[in-house]
Ligand code: MG
Ligand code: MG
């Protein structure tokens, strides 16, 4: 498998783009003319610079409005093509993309277009150039790859082939199976892009919302299976137009792009085992059953504050690490670790972010295989010195620089709490609040990084994504989306902030990009939990009384339920099937971290999206005004 990316897909000047693309492991680039028009070197210099980065210039694009023109425009189109052929020879590339005409002057007719391409093929052959024809989804006469292929077939010239683009095929809902009958030697190039399903003008959708395969909702896998079935084994190239990517980091977008292609081809190989596909061997996506622990980095005084909050939540400090300044807090199946050590990763995370979640442990089917797969997909393994009596637990770096450890069920690793931690005597233990497990972990990020995280989780683990929805904060919109396993035991919610006036944005800005903003615990009975919490001195986040009036209007609650929710500051949601969700929040800690307690009834599978706005308003009232000392 050879991989490429169009230079238009990422931000930066031409040199920055090449460096980022080469570092991410791509073999080639598609060059957009505009991309080097601003560059001061000659076309030959540009070509050399590309090759000096170890990249092949595999496609020149686009050449527009060629076929079906009446005279004198027809002759002019051929003259224009000849000039581009000369330019391509200077650059050192032999394949040009001609996209189907959108000119109002162009005339329809398959044979007319085929004749034009036959003649263009003759002229191209004299200059050692090959021409690939692509059907734009909004082409005037040709907007379907099946028509483009018929034109190429009738042109019947060795220098004329078809270029397939997943977006153009899938956006028009054309069955990709129709690709399977195209001979592979007539497929000159394949471009890949995904997109979220949005009902809008095709051109606008394509120009602004394309994303990497696996990041959107299109059946890029089905498309690629059909391409692979033809025997095509040349370049797979990302052609992504996306406003976020243009504003994002060229490096991380290049890494995502390469990961998306490796992940896609890994899936194709598993779906089409009889086709030989060149992609690194790796274990299949890893089943993950939940969050085994979260680890906080803190200094001593903040650890005490955090411990007081955990105590109020019914957690018991029950273990001390055998060699490190690390405490284990437990309740039900929930493990929370507070690390106040002065060395290692946790300490550097503390220095950078302040008190924060620096590490998360996931329960997986096979920890070693997880690292192997993550590595094949371009993630960085993480290792730090293992002390005497400690276990070596496989780990990788997450997207934001945090660490993720993997614990496989049933192995020695799952006994880490007994092996590495000394039991502490029961002192005045708090009242157990009946919290059973971690329901979800919520990560906050800049909106540009959301797709990066999404691809990271879904490519490594056997998880899926929920549709994206908007949460309204008085300071702006937060985009929210969740990653879940099929059983609902592993849930990560992702919140993308566009500006720092939102609570999420404030949290990112003030904690220097720390990723985990809240951890939600599952209760089997939220009212009983609340009673226990109150006995422990817990003060829930105060919710506006107006919220409850509205809730009553929406759901028609009985009086007793209404009173219990309102007096307990418990938020409520109900789905179409009668599933119910109860939520209770802690006050915010530091710059916006908090805990949540939830109860799910009757198969409720969401996160109380309708309530987020009210919860955020209540939390924002607690944020210290700018310039005020921390309380
Ligand atoms: Mg294209
Ligand atoms: Mg939540």
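Along its three principal directions, the equivalent ellipsoid of region 229-357 from the Cα gyration tensor extends over semi-axes of 44, 20, 13 Å, largest first. Once you divide the Cα radius of gyration of region 2-271 by 2.2 N^0.38 Å, the number left is 0.95. For region 234-280, the Kirkwood estimate of the hydrodynamic radius, built from every pair of different alpha carbons, is 12.2 Å. Pairwise alpha-carbon distances in region 288-423 exceed 23 Å for 31% of all pairs. Within the P(r) computed for region 339-389, what percentage of the Cα pairs occupies the region above 14 Å? Tail of the P(r) past 14 Å holds 66 percent of the pairs. Quick one: angle between helix 220-229 and the longest Cα principal axis of the chain, in degrees between 0 and 90, rounded to 10, please. That helix lies at roughly 50 degrees to the long axis.
Got a sec? How would 133, 39 order by Cβ neighbour count within 10 Å, fewest to most?
The order, fewest Cβ neighbours first, is 39, 133.
Over every Cα atom in region 22-156, the radius of gyration and the widest Cα-Cα span, Dmax, amount to 15.6, 47 Å. Considering only Cα atoms, the convex hull volume of the chain works out to 175 Å³ per residue. From the largest down, region 435-620 spans 45, 34, 33 angstrom on the principal axes of its Cα atoms. Debye sum, Cα scatterers, region 391-488, no solvent: what log₁₀ I/I(0) at q = 0.15, 0.21 1/Å? Normalising to I(0) and taking log10 leaves -0.90, -1.23.
For region 488-631, the antiparallel share of DSSP beta bridges with both residues in that region comes to about 70%. Taking every DSSP helix (H) stretch of at least 4 residues in the chain, weighting each as -39,500 (n - 2.57) and dividing the sum by the residue count yields a mean residue ellipticity at 222 nm of -11000 deg cm²/dmol.
Listing 55, 238, 391 from fewest to most neighbouring C-beta atoms within 10 Å gives 391, 55, 238. Relative to the longest principal Cα axis of the chain, at what angle does helix 447-460 sit, 0 to 90 degrees, rounded to 10? The helix 447-460 is inclined about 90 degrees to the chain.
Sorted from longest to shortest, the spans of the Cα atoms of region 552-631 along the three principal axes equal 47, 25, 17 Å.
Please work out the FRET efficiency for the pair residue 436 and residue 386, using the Cβ-Cβ distance as r and a Förster radius of 25 Å; give the result to the nearest 0.05. Mind dumping the intermediate values first?
Numbers: r = 31 Å, r/R0 = 1.25.
The calculated FRET efficiency here is 0.20.
Pairs of Cα atoms nearer than 8 Å and 6+ residues apart set the relative contact order; for the chain it is 9 percent. Exposure proxy for 419, 478: other Cβ atoms within 10 Å of each Cβ, ordered fewest to most, give 419, 478.
Projected over all directions and averaged, the alpha-carbon convex hull of region 81-139 occupies 4.3 nm².
Hull volume per residue, based on the alpha-carbon atoms of region 491-564 and their convex hull, is 168 Å³. Using only alpha-carbon positions in region 6-102, the gyration tensor eigenvalues give semi-axes of 27, 13, 11 Å once each is multiplied by 5 and square-rooted (largest first). Taking the inverse of the mean 1/r over every pair of distinct Cα atoms in region 141-262 gives a Kirkwood hydrodynamic radius of 15.0 Å.
Here, each number is a calculation from the coordinates, and none is a lab measurement. The structure displayed is predicted, hence computed values, not measured ones. All Cβ positions, glycine included, derive from the backbone under ideal geometry; neighbour counts span all protein chains shown.
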